[in-house]
Amino acid sequence: MAKILHQFYDMECQLILYINRYFERKHVNAFFRFITHLGGARFTITSVLLVIFLANESVKLAAISSAIALAISHIPVALVKKLFPRKRPYIALNKVNVVDNPLQDHSFPSGHTTAIFSILIPFVLLIPLLAIILLPIGFIVGLSRIYLGLHYPSDVMAGCILGCSAGMISFQFIL
């Protein structure tokens, strides 16, 4: 089992280095630096509150569901980060490019990825056609976390699972 985990970790490290190698490309870097903020607290909280106050009744319920999912999804994120204190890739690996003033807390799971999927899923469940637009946004936010050297692919996958689960649970509870 230890050998399999080590091989998986090696594969993740190679993937990070492959994705992160484009860091010096000005336009790619600007894109990922912008898109990553869509999973940040400021954007997720503000956007959900705006929809709650401005939308019609059914969309408002999805937004309330998103707000609940956002709140409850960060409880397991905080707990898991304490239970599994994994160093961020830019700290653990050589040759990983990183933004100025990078995050210092633990890597696993990705909070930005958790947040974006927790707010997107209720809207996708309410209006499935939105999946064409919203799910790629969520995946690109997750990819940005790897590109910026802040997370391993498994951090992003765990965040996606946590966010989707919180979104589905809160949607079922509200609607």
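The values are calculated or read from the model by the stated rules, or taken from the named source; none is laboratory data. Only a predicted model underlies this, so the values are computations on that prediction, with no experimental measurement involved. When we count neighbours, we look across all protein chains shown, and the Cβ atoms used for this are built from the backbone with ideal geometry, even at glycine. In case anyone asks, the SASA skips ligands and DNA or RNA and just uses the protein heavy atoms, side chains included. Shrake-Rupley method; radii C 1.70, N 1.55, O 1.52, S 1.80 Å.
Observations
- Charge dipole (Cα centre; +1 on Lys/Arg Cβ, -1 on Asp/Glu Cβ; no other charges) of the range 75-175 amounts to roughly 280 debye.
- Alpha-carbon spread of the range 59-111, three principal axes, descending order, Å: 46, 25, 14
- With protein chains left intact and a 1.4 Å probe, residues in the range 85-175 average 45 Å² of accessible area per residue.
- Mean-square fluctuations from a GNM of the chain, with a 10 angstrom spring cutoff on Cα atoms, peak among VAL96, VAL80, VAL28 at VAL28.
- Of all accessible heavy-atom area on the range 1-80, the percent that carbon and sulfur account for (1.4 Å): 73
- Highest mobility in the GNM of the chain, judged by mean-square fluctuation with C-alpha springs under 10 Å and restricted to ILE133, ILE121, ILE19, is found for ILE133.
- The radius of gyration of the Cα set in the chain, together with its Dmax, comes out at 16.6, 53 angstrom.
- Radius ratio Rg over Rh of the range 108-161, counting only Cα atoms, Kirkwood formula for Rh: 1.00
- In the frame of its principal axes, the range 13-70 has Cα extents of 45, 23, 16 Å, reported largest first.
- Farthest toward the positive end of the dipole of the chain, out of LEU120, LEU38, GLY163, is the Cα of LEU38, where the dipole comes from beta carbon charges about the Cα centre.
- Cross-link partners of LYS87 among lysines, defined as those whose alpha carbon lies under 16 angstrom from its own and excluding same-chain residues fewer than eight positions apart: LYS95.
- In straight-distance terms, cross-link reach from LYS26 covers every one of the aspartates and glutamates whose alpha-carbon lies under 18 Å from its own, apart from those fewer than eight places away in the same chain; here that gives ASP100.
- Per residue accessible area in Å² of the range 19-80, where ligands, DNA and RNA are left out and the probe is 1.4 Å: 61
- Centroid-to-centroid, using Cα positions, the range 2-19 and the range 20-97 are 23 Å apart.
- Net charge dipole size for the chain [Lys, Arg +1 and Asp, Glu -1 on Cβ; Debye, nearest 20]: 360
- Farthest positive-ward along the chain dipole, Cα basis, beta-carbon charges - from VAL59, HIS106, LEU93: LEU93
- Of the peptides 105-116, 154-165, the order by per-residue mean of other Cβ atoms within 10 Å, starting with the highest, comes out as 105-116, 154-165.
- Scanning the chain for DSSP H helices at least 20 Å long along the axis (C-alpha atoms) with a Kyte-Doolittle mean no lower than 1.6 picks out 111-126, 131-147.
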